[in-house]
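Contents: one structure, followed by commentary.
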Amino acid sequence: MKPDTQPLALPVSTARTAPTGSNAPTAHQALPLFSLLDVEKSFPVDGGRRQLRALDGIRLTLQAGESLALVGESGSGKSTLVRVMLGLESATNGRVLYGANEPASFSAAQHRRFAREVAYIYQDARGSLNPRMSVAEVLAEPVRLHALRDEGEIPARVDELLAMVGLPTDVRHKFPSELSGGQVRRVAVARALACEPKVIVADESVAGLDVSVQAQLLNLLRDLQRDHGLAMVFVTHDLGVAAYLCERVAVMYLGRIVETGPTREVLQAPLHPYTQALMNAFPRFDAPLSVSLQGEIPSASNLPKGCRFRSRCVFASEECQQTDPAQMSYSALRQVACLTPLTPLAAVVPA
Ligand SMILES: Nc1ncnc2c1ncn2[C@@H]1O[C@H](COP(=O)(O)OP(=O)(O)OP(=O)(O)O)[C@@H](O)[C@H]1O
Ligand SMILES: [Mg+2]
């Protein structure tokens, strides 16, 4: 029998009040901003002899004002998921909808609107900036393109954006090659904010930054989310960041979302053994680092029969060798792809 999961002490910084927007579905809930319906993405490898399944059976929605963290090991498909969501890669199967429409069939006007409403902060922030443009030009471009300010107001808006991300105004004349890694990331965040978007999709945007700069950017993003109802998809390896910033989390493993639900619930009582293993690998102030996952990681271009996590799962049974578990609803807000999910504490402790 599986042990009950224990309540987990998250780092101090994760203690927070919930953002005002609630994820609880209501009878009158508006159409999601994004809907991913059984999305698959395969890449040809070995000169086209094999297919690598980067995404497999992805079902996900993002409501207006909602913040979603995508977590999972390197290579689990996080960046591919956001790239497919934003129409930068086409899905091999399944559908991606923005509101009621598929980005692939947008009119020119819809494309322009999408480009303003949905801002993407690339994992490779430096590579995403035009090296021949100064910081001021990088920030002014979207303001001008979407006619968000009169020409005379643009310099002041550039300074305002720099201040928002904690950069001094004298960087406005510098080029990306003259900036540090941390400064480049902050310029990338400022450029995303310049569009005054409805949704920010950020891929590892604070990883590797100084703790103080990271805190400043996270606080900025959280305030924007809380005060302006910005929706957010935040790709991160850091469960503390996920808990701090995002109401909901989706845990990915080898191209599949293995668990999703409200972040605090998922992290305090994971349903999927992989989520629990991620939690165990997560540094805690009150415990030594535990051993990381044992067992072999299957190749995404040669997935085994049955559950893709079984080779590393201490609970794997005979049935897990045969059956590939689909994403199933566990409760109104939680889903899991496991034949025998871990029992959350709440379910065994009488109220
Ligand atoms: N253009 C491509 N051609 C072939 N394989 C690809 C391509 N892009 C991604 N992949 C593969 O798809 C899988 C998922 O990659 P992806 O970049 O989405 O992972 P990730 O979760 O973002 O990883 P990381 O945390 O390291 O950024 C990996 O096995 C990767 O090698
Ligand atoms: Mg990535």
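The values are calculated or read from the model by the stated rules, or taken from the named source; none is laboratory data. For clarity, every value in this text was computed on a predicted model and none was experimentally measured. Note that each Cβ is placed from the backbone with ideal geometry, even for glycine, and that neighbours are counted across all protein chains shown. The protein model used for the area step is the full one, side chains on, heavy atoms only, and it has no ligands, DNA or RNA in it. Shrake-Rupley method; radii C 1.70, N 1.55, O 1.52, S 1.80 Å.
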(Q) Yes or no: region 132-149 includes at least one residue that is surrounded by fewer than 16 Cβ atoms within 10 Å (Cβ to Cβ), touching a Phe, Trp or Tyr at 6+ places or on another chain (Cβ under 8 Å) and either assigned to a loop (DSSP other than H, G, I, E, B) or among the acidic types (Asp, Glu) (or both). (A) yes
Q: Name the single residue, out of those in region 94-118 being more than 22 Å from Leu55 (Cα to Cα) and open to solvent by less than 40 Å² (accessible area, probe 1.4 Å), that is modelled with the lowest pLDDT.
A: Phe106
**Q.** In region 211-228, the residues that are open to solvent by 30 Å² or more (accessible area, probe 1.4 Å) and either among the β-branched types (Val, Ile, Thr) or at positive phi (or both)
**A.** Val211
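A quick yes/no check of all residues on (1) assigned to a loop (DSSP other than H, G, I, E, B); (2) more than 16 Å from ligand 1 (Cβ to nearest atom); (3) outside the structural domain of Val135 (by TED's automatic domain parsing):
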residue: Asp159; (1), (2), (3): no, yes, no
residue: Ala163; (1), (2), (3): no, yes, no
residue: Leu167; (1), (2), (3): yes, yes, no
residue: Arg172; (1), (2), (3): no, yes, no
residue: Val187; (1), (2), (3): no, yes, no
residue: Arg191; (1), (2), (3): no, yes, no
residue: Glu196; (1), (2), (3): yes, yes, no
residue: Val213; (1), (2), (3): no, yes, yes
(Q) Looking at the structure I just gave you, is Gly47 in a loop (DSSP other than H, G, I, E, B), assigned by TED's automatic domain parsing to the domain that holds Gly229, surrounded by fewer than 18 Cβ atoms within 10 Å (Cβ to Cβ) and away from ligand 2 (no atom under 16 Å from the Cβ)? (A) yes
(Q) Exactly one condition in (1) in contact (Cβ under 8 Å) with a residue 40 or more places away in the chain; (2) within 25 Å of Glu247 (Cα to Cα) is false for Phe114; which is it? (A) (1)
Q: Please find, within region 198-211, the residue that is modelled with the lowest pLDDT out of those that are outside any strand (DSSP E or B) and either in contact with a helix residue (DSSP H, G or I) (Cβ under 9 Å, 6 or more places away or on another chain) or within 16 Å of ligand 2 (Cβ to nearest atom) (or both).
A: Gly208
